[in-house]
Amino acid sequence: MNPVNSRPQPRLLLLAMSGVRVCDEELLRLGLTLPGFVERSRVIASLPSLGLLTLAARTPGSWETVYREYDEMPEDAARRIAEEEFTVVAISSLTARIEEAYRLADDLRALRVLVIMGGLHVSAMPEEAAGHADIVVKGEGEMVWGEIIAGIEHQDWRAFYDASKVAGDAHFGFPQPTPRYDLLDINRYNRIPLQTTRGCPLHCEFCAASRTISPWRRKSIAQIGREMDAILALWPRPFVELADDNTFVDKKWSRELACLLAAHPVRWFTESDISLADDRELLRLLAKSGCAQVLIGLESAAQEAMRGLDTRDWKSARHASYRERVRVIQDHGISVNGCFVLGFDTDGPDIFQRTLDFIDMLDLAEVQITLLTAFPGTSLRRRLESEGRLLPEAGWRHHTLFDVTFQPSRMTVDALRSGFRELMSGVYSAERVIRRGAIFKQCLKNRAHE
Ligand code: SF4
């Protein structure tokens with residue numbers, strides 16, 4: 001293969017495969033009638049891939065770089081891409097769409113297009129991906145991207161690049177490029193991602209994000225300021241979604257972050273753990289900074305489900321104080337989107353009603369429920385695999401967070417599936433959506449008094 005020299009200017013296609021489709025047809029039909037659920041799913045699916053935009057920023061100007069997303073992949077996608085004479089296609093995909101991504105990669109390679117694959121799934125399953133890509137990247141792609149591109153230019157690339165070996169501490173130990181937001185069609189997006197931290201020190205058993213790509217790190221406030229400026233140059237009053245796993249781990253740094261964001265005309269959303277409630281000064285700063293909502297993994301209505309979930313039982317120790325902590329955060333004008341997971345080993349058939357009652361008791365402004373899912377690279381997957389509990393029929397495309405992929409401990413697969421559907425109907429019933437809307441409005445009023 002002679003990918004680079006066949007064209008005067010090499011062309012790079014950065015391809016994000018977003019927009020996961022739930023496999024459970026009944027849940028899918030139900031979901032379409034549940035406005036709160038559909039709204040959040042759309043938000044997640046419509047975010048551009050920050051990882052690929054960051055790679056674009058590391059690509060030399062001598063390359064022509066195009067960013068594209070496939071929500072639904074066209075039948076003849078590979079042929080079309082090859083006809084556009086892309087030299088290299090770099091694909092990033094979620095686990096639930098990785099089989100589609102592999103098919104596309106196989107077709108592209110058959111048409112003599114060089115394929116690079118990376119991202120969360122590929123970083124956890126590099127050997128699997130190596131069967132479909134010319135180059136596999138494990139970990140933080142931008143650390144090795146310059147080397148990959150130089151290798152391609154000199155037709156001397158390796159099949160495997162491991163960025164996870166690069167030493168780093170809690171700070172990014174290397175200069176961060178500002179993502180190429182300018183490659184996006186600005187009218188297509190109503191939320192723009194910006195990453196301020198990576199990873200999470202809590203290491204929950206089911207969490208793939210906490211360490212697969214990188215250990216916990218935070219960016220410098222100066223770098224975040226540069227990225228904010230790049231966003232504002234394109235969207236004058238953006239809604240920014242921090243693409244972080246757990247933003248406020250370092251409270252002193254978080255206060256500086258809140259001050260930085262307060263100096264810009266943005267509204268924003270992020271993910272945090274419940275310790276946010278313990279820092280009133282940070283909460284006051286967040287209220288002034290345009291922070292609209294924080295998503296918090298509350299995980300379960302049952303405290304027993306949370307024992308052993310993270311390495312220090314940190315979450316379990318705070319379970320009894322959830323109501324008070326949610327109240328403190330929302331009293332400061334920051335609405336809480338509480339996330340719950342169903343299917344823990346201690347969950348029996350009563351967990352669904354318990355969850356509904358618990359959610360009602362917490363007075364949350366928004367709620368998200370998902371099924372426990374053993375993503376590749378997680379301790380949970382290793383455990384369920386060793387216990388022989390992964391369902392053979394549940395391939396990667398079932399790893400949507402809304403499909404059952406393993407044998408539950410205290411109920412049947414069908415009981416978990418139908419109990420989850422029923423819970424979904426209760427959580428997203430019109431009456432509860434209206435009630436949460438009123439709580440959200442109250443949060444806005446509370447913020448005005450901060
Ligand atoms: S707190 Fe959240 S981000 Fe951190 S390890 Fe647990 S699930 Fe992952």
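Using only the Cα atoms, what convex hull volume per residue in Å³ does region 71-203 have?
Convex hull of Cα atoms, per residue: 155 Å³.
Counting only DSSP beta bridges with both residues in the chain, what percent are antiparallel, rounded to the nearest 5?
Taking every DSSP beta bridge within the chain, about 5 percent pair in antiparallel fashion.
Let me have the 222 nm mean residue ellipticity of the chain computed from DSSP H runs of 4+ only, each contributing -39500 (n - 2.57), with the sum over all residues rounded to the nearest 500.
-11000 deg cm²/dmol
On a straight-distance basis, which lysines could pair with residue 288 in a cross-link, Cα separation under 17 angstrom, same-chain partners fewer than 8 positions away excluded?
251, 252, 441, 445
Could you work out how much longer the chain between residue 29 and residue 397 gets when fully extended? Use 0.36 nm per residue separation minus the Cα distance between them, nm to one decimal.
130.7 nm
In whole Å, what is the distance between the alpha-carbon centres of region 206-280 and region 376-435?
If you average the Cα positions of each part, the centres end up 30 Å apart.
Cross-link candidates for residue 315: which aspartates and glutamates have Cα within less than 18 Å, leaving aside residues fewer than 8 places away along the same chain?
Of all the aspartates and glutamates, those that pass the test against residue 315 - Cα under 18 Å, at least 8 places apart if same chain - are 205, 245, 250, 271, 273, 278, 279, 299, 304, 324, 345, 347.
How would you rank 291, 259, 204, going from fewest to most other Cβ atoms within 10 Å of each one's own Cβ?
259, 204, 291
Over the alpha-carbon set of the chain, work out the extent along each principal axis and list the three values in angstrom, largest first.
Over the chain, Cα extents along the principal axes are 64, 51, 40 Å.
Could you list 413, 341 so that the one with the fewest beta carbons within 10 Å of its beta carbon is first and the one with the most is last?
413, 341
Quote the relative contact order of the chain in percent (integer), defining contacts as alpha-carbon pairs under 8 Å separated by 6+ residues.
14
Pull up the cross-link candidates among the aspartates and glutamates for residue 165, meaning alpha carbon to alpha carbon under 16 Å and not fewer than 8 places away within one chain.
140, 142, 147
Run the lone-cysteine check on the chain: no other Cys C-beta under 4.7 Å from the residue's C-beta.
23, 200, 259, 291, 339, 443
In nm, give the distance between the simple-model label positions of residue 182 and residue 158, each being 7 Å from the Cα along the Cα-to-Cβ direction.
The answer from the label model is 3.3 nm.
Each residue of region 116-128 in order: what ³J(HN,Hα) in whole Hz does its phi give by Karplus 6.51 cos²θ - 1.76 cosθ + 1.60, θ = phi - 60°, with x for Gly and Pro?
For region 116-128, the Karplus curve yields 10, 10, x, x, 4, 5, 5, 5, 7, 10, x, 5, 4 Hz.
Read-outs: derived from the displayed coordinates by stated rules, not from any lab. Fair warning: this is a prediction, and the values are worked out from it, not measured in the lab. Ideal geometry is used to build each Cβ from the backbone, glycine not excepted, and the neighbour counts take in all protein chains shown.
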